[in-house]
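Report on one structure; see the data block that follows.
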Amino acid sequence: MTDTLSQSTSQAAPDVVAEEATVKIRVRDLDFYYDDFNALTGITCDIKAQAVTAFIGPSGCGKSTFLRCFNRMNDLIPGTRVVGTVLLDGQDIYGPDVDPVDLRRRVGMIFQQPNPFPMSIYDNVAYGPRLHGVKKKSDLDDIVKTSLKRANLWKEVKDILDRGGLTLSGGQQQRLCIARVLAVQPDVLLMDEPCSAIDPTSVQKIEDLMAELKSTVTIIIVTHNMQQAARVSDDTAFFLQEVMGEPAHLVEFGRTAEIFTSPKDKRTEDYITGRFG
Amino acid sequence: MNEPIRDKESGLSNAERAPKLKLVSQSTYLKEAALKNLFLVCACVAVAGVALIFVFVGWRGWPVFSEIGVGKFLLGKEWLPTEQLFGILPLFVGSLVVTIGALALGTPLAVGTAVFLSEIASHRVRAIVRPAVELLAGVPSVIYGFFGLLVLRPIIAKLTGSLGFGPLTAWIVLAIMIVPTIATLTEDALRSLPPGIREASYAMGATTWQTISRVLLPAAKIGIVDAIILGMGRAIGETMAVLMVVGNAPVFFHGLGQPISTLTSQIVMDMPYAAGMHRTALFGMAIILFLVSMGLVGIVRFIQRLREEQ
Ligand SMILES: Nc1ncnc2c1ncn2[C@@H]1O[C@H](COP(=O)(O)OP(=O)(O)OP(=O)(O)O)[C@@H](O)[C@H]1O
Ligand SMILES: [Mg+2]
C-alpha cells in the first residue's frame, strides 16, 4: 500500500508533490445520508497535515457526522451512505477494498464523553497494540510508557498503572483515552468536542497537548467553544444547515486567523460573533 | 433586640400575614400509616414463610443427623431404604453431575444468545428471538420432561447404546431450561456497560468479535458469573424434568446413558410411601438442599456487592 502511494506521488509533477505533502485529507463533493436524510452536501476541502483543523457550526449542522466520515465510524450506523471521495494520503478510504479496521488504526478518535474501558490503565493503553499483534511484555511496557508520556499523563499515573481506568478524574480519563489512541501511532486524530465534559484545568492540559502533538499528528477538532477554536487551530471550517431538514454545507474554510478576524461570508461572521447558533 | 418588621396599617409582621401552610390531615396520616404497616405485613409473611419451612424441615429431618450420624448420612455410599441404609452421597453426586453438566452445556449457549441479542442482532431479529427466549422460561418443567422423554431419550439411546435414561438426557433438557435465566441476566449485564466503550473499541480498529471478547465480556464478567450461579440454583432445584429423564437409580454416576438419581428427584420418588427413618432421611436431604441454595444466594449477594463497589 505504501509502495503504490510513493510511486504515484513520485510520478506526479514537482509542484503537485510539494502540495501533496502538506495535504493529509482531501475531500471532494461529499454528500452524506442517514437513510433518506441528506445530512451534508457538496463538501470539498483539504485538511492540512501536521496542523490542527477546527470544525465549528451550530448544533446539528453535521460536524460530528463529517468527522466520523474520516474513520468510517458511520459505517457502524445502519442505513448511512457516503457519496463523493475522501482521500487519505491520496488513497480513497471508501475504495472497494479498504479495510475500515486498518483505517481506524491510522485515524484515531477521541469522543466527547471520556470512554476508557473498565480495565486497568495499563490494559487500556495496551489495548490497541495488543489488537494489532504486539505480545511481548517489554514491548508493551515501552508503548504504554511512551504513550502516557505523550498524553501528559505519565507523571500522574506511573505508580498506579494497574488501577482501573475509571477511577481517574474526568480530565485524566480523557488524557488516558488520548494515550490509548496514541499507542497505535495514528497519523490523524479526530476529536469530537473533547473538552466539553471536563474541568478547565484539564482543558488547558489537553490544549497544550494538541500543540505538542501536531508536529507528528494531523488533528481535527470539533468544538462549540469559539475561543478554543481560535486558540488551538490553524485552519477553521464553518458548517451550517440553513433550513431544518435540508442538508448542511461548508460555508467557509480557511486560515483560522482570517476566519476569526475577517470572515468572507456574512453568515460566518454572524456565527462567530454569536448572532445565531 | 430583633423586632420583626411590621406593616404600618395592619400592624402585622410579614410572617403573620403570609398564608399558612396546610397541616397534614388526620385521614392522610392514618392512610400513610396503614399502608406502611400493610407492606410490613407482606414482608413479614414472606420471611415467616421461609422461616417456617426451614423450621419444619429442620425439625422433621434433624433425627437423621442425631440417629444415623452426619458422616453416615452425607458420606454413606448406599441408598437402600429397605435395608435401613441412608447414604446420600450417590444422590448428592448425581445432583452435582447433572447440574455441572447442564451448566457446561447451557452457559455457552446462554452467553452466546445474550451476546447475539445485545451486540449482533438487528432490531427485527431481536424482536423475534428475545420473546422466544423469555417464553422458554415460562414453559412448565413437565413439558421439558416430556420433550426429553419422547424426543431426546430415543436419540440418546441410539447414540449411547443404552436406554437413554441418564445424565446426558438430563443435561440437555436442563441446559435448555437454564438458558433463559442466564441469557437474560447476561444480556442485562452487557446492556448496563458504559455506552461509549463499544464505540471506543471500534474506533481503535477492533472487529466486532474483538470488541466482544476483549472488552465487553471481560467488563461484564461479574454479572455473568452472577447469572451462572442463579442458573445453577435453578438446575439444582429442578425436579420434575430431571425425574422424567434421569432414570432414578440411586447409584453413582457410571456412564452418560446409565440411570442415576438426584436429591430432588429421589425425594419426589420416595415421599409417597416412605415412613419412619426413611421419611426422616428425605427431610434430611431437604435440609441439605436448603443449605446449598442458601449458600448460592450468599454468593450472589457477595458478587452483587463487588459489582456495586466497582
Ligand atoms: N444516527 C443518526 N441517524 C439519523 N440522523 C442523525 C444521526 N446522527 C445525527 N443525525 C442527524 O444528522 C444531523 C447532523 O448531526 P451531527 O451529530 O453530525 O451534528 P453536530 O454538528 O455534531 O451537532 P452537535 O454540535 O450538537 O454535536 C442532525 O440533523 C442529526 O439530527
Ligand atoms: Mg456532534
Tally time: how many residues in segment A:211-242 are β-branched (Val, Ile, Thr), assigned to a loop (DSSP other than H, G, I, E, B) and within 11 Å of ligand 1 (Cβ to nearest atom)?
1
Residues of segment A:243-264 being under 25 Å from the mean Cα position of the chain (by Cα) and not in a strand (DSSP E or B), in sequence order, are A:PRO247, A:THR256, A:ALA257, A:GLU258, A:ILE259, A:PHE260, A:THR261, A:PRO263
Across segment A:163-177, what is the total count of residues that are surrounded by 24 or more Cβ atoms within 10 Å (Cβ to Cβ) and away from chain B (no Cβ under 12 Å)?
1
Here are the criteria: (1) surrounded by fewer than 23 Cβ atoms within 10 Å (Cβ to Cβ); (2) in contact with a helix residue (DSSP H, G or I) (Cβ under 6 Å, 6 or more places away or on another chain). Tell me which single one A:ASP123 does not satisfy.
(2)
Considering only residues that are in contact (Cβ under 8 Å) with a residue 12 or more places away in the chain and either open to solvent by 60 Å² or more (accessible area, probe 1.4 Å) or touching a strand residue (DSSP E or B) at 6+ places or on another chain (Cβ under 9 Å) (or both), which ones fall in segment B:105-134?
B:LEU105, B:LEU109, B:PHE116, B:ILE120, B:ARG130, B:GLU134
When the residues of segment A:45-54 are narrowed to those that are in a strand (DSSP E or B) and out of contact with any Phe, Trp or Tyr (no Cβ under 6 Å at 6 or more places or on another chain), which ends up most open to solvent (accessible area, probe 1.4 Å)?
A:LYS48
Leading residue by the ranking (farthest from A:ASP139 (Cα to Cα)) among those in segment A:178-195 that are in a loop (DSSP other than H, G, I, E, B) and within 14 Å of chain B (Cβ to nearest Cβ)
A:GLU193
Out of segment B:175-199, which residues are away from chain A (no Cβ under 14 Å) and in contact with a Leu (Cβ under 8 Å, 6 or more places away or on another chain)?
B:ALA175, B:ILE176, B:MET177, B:ILE178, B:VAL179, B:PRO180, B:THR181, B:ILE182, B:ALA183, B:LEU185, B:GLU187
Output for Cβ contacts, cut-off 7 Å, separation at least six or different chains, first residue of a type in the set (Gly, Ala, Ser) in segment B:262-289, second part of a loop (DSSP other than H, G, I, E, B), reads B:SER265/B:THR239; B:SER265/B:VAL246; B:SER265/B:ASN248
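Starting from residues that are of a type in the set (Gly, Ala, Ser) and under 26 Å from A:PRO129 (Cα atoms), keep the ones in segment A:211-234 and report whichever is surrounded by the fewest Cβ atoms within 10 Å (Cβ to Cβ). Don't jump to the end; show me each part of the working.
Here is the first cut: in segment A:211-234, the ones of a type in the set (Gly, Ala, Ser) are A:211, A:215, A:229-230, A:233.
Applying the additional criterion that residues be under 26 Å from A:PRO129 (Cα atoms) yields A:211, A:215.
Details: A:ALA211: 12, A:SER215: 8.
Only one residue fits best here, namely A:SER215.
Is it true that A:GLY60 is within 16 Å of ligand 2 (Cβ to nearest atom), farther than 24 Å from A:LYS214 by Cβ and either at pLDDT below 95 or within 20 Å of the chain's Cα centre (by Cα) (or both)?
Against the criterion (within 16 Å of ligand 2 (Cβ to nearest atom), farther than 24 Å from A:LYS214 by Cβ and either at pLDDT below 95 or within 20 Å of the chain's Cα centre (by Cα) (or both)), A:GLY60 qualifies.
Pick out the one residue from A:ASP159, A:ASP199, A:ASP208, A:ASP102 that is free of Cβ contacts under 8 Å to residues at least 60 places away in the same chain, open to solvent by 50 Å² or more (accessible area, probe 1.4 Å), more than 27 Å from A:SER64 (Cβ to Cβ) and not β-branched (Val, Ile, Thr).
Result of the check over A:ASP159, A:ASP199, A:ASP208, A:ASP102: A:ASP159.
Is it the case, given these coordinates, that B:MET294 is open to solvent by 70 Å² or more (accessible area, probe 1.4 Å), farther than 30 Å from B:ALA220 by Cα and assigned to a helix (DSSP H, G or I)?
Details: open to solvent by 70 Å² or more (accessible area, probe 1.4 Å): yes; farther than 30 Å from B:ALA220 by Cα: no; assigned to a helix (DSSP H, G or I): yes.
No: the conditions fail for B:MET294.
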So which residues in segment A:65-99 are within 16 Å of ligand 2 (Cβ to nearest atom) and open to solvent by 40 Å² or more (accessible area, probe 1.4 Å), if there are any at all?
A:LEU76, A:ILE77
When the residues of segment A:43-57 are filtered to those that are of a type in the set (S, T, N, Q) and over 10 Å from the mean Cα position of the chain (by Cα), which remaining residue is farthest from ligand 1 (Cβ to nearest atom)?
A:GLN50
3 or more residues facing chain B (nearest Cβ under 8 Å) and within 22 Å of A:LEU182 (Cβ to Cβ): qualifying helices (runs of 4 or more DSSP H) within segment A:55-139:
A:100-106, A:121-131
B:GLY166 fails exactly one of (1) open to solvent by less than 50 Å² (accessible area, probe 1.4 Å); (2) farther than 29 Å from B:LEU91 by Cβ; (3) in contact with a strand residue (DSSP E or B) (Cβ under 9 Å, 6 or more places away or on another chain), namely (2)
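Restricted to segment B:200-232, and to residues that are open to solvent by less than 30 Å² (accessible area, probe 1.4 Å) and away from chain A (no Cβ under 14 Å), which residue is farthest from A:PRO116 (Cα to Cα)? Walk me through it before giving the result.
Here is the first cut: in segment B:200-232, the ones open to solvent by less than 30 Å² (accessible area, probe 1.4 Å) are B:200-201, B:203-206, B:211-212, B:215-216, B:219-220, B:223-224, B:226-227, B:229, B:231.
Pick out the ones that are also away from chain A (no Cβ under 14 Å) and you get B:226-227, B:229, B:231.
Numbers: B:ASP226: 24, B:ALA227: 25, B:ILE229: 29, B:GLY231: 31 Å.
Looking at the filtered set, the residue picked out is B:GLY231.
The values are calculated or read from the model by the stated rules, or taken from the named source; none is laboratory data. Just so we're clear, the structure is a prediction, and the values are computed from it rather than from any experiment. With ideal geometry, Cβ positions are generated from the backbone for all residues, glycine too; neighbour counts draw on all protein chains shown. The protein model used for the area step is the full one, side chains on, heavy atoms only, and it has no ligands, DNA or RNA in it. Shrake-Rupley method; radii C 1.70, N 1.55, O 1.52, S 1.80 Å.
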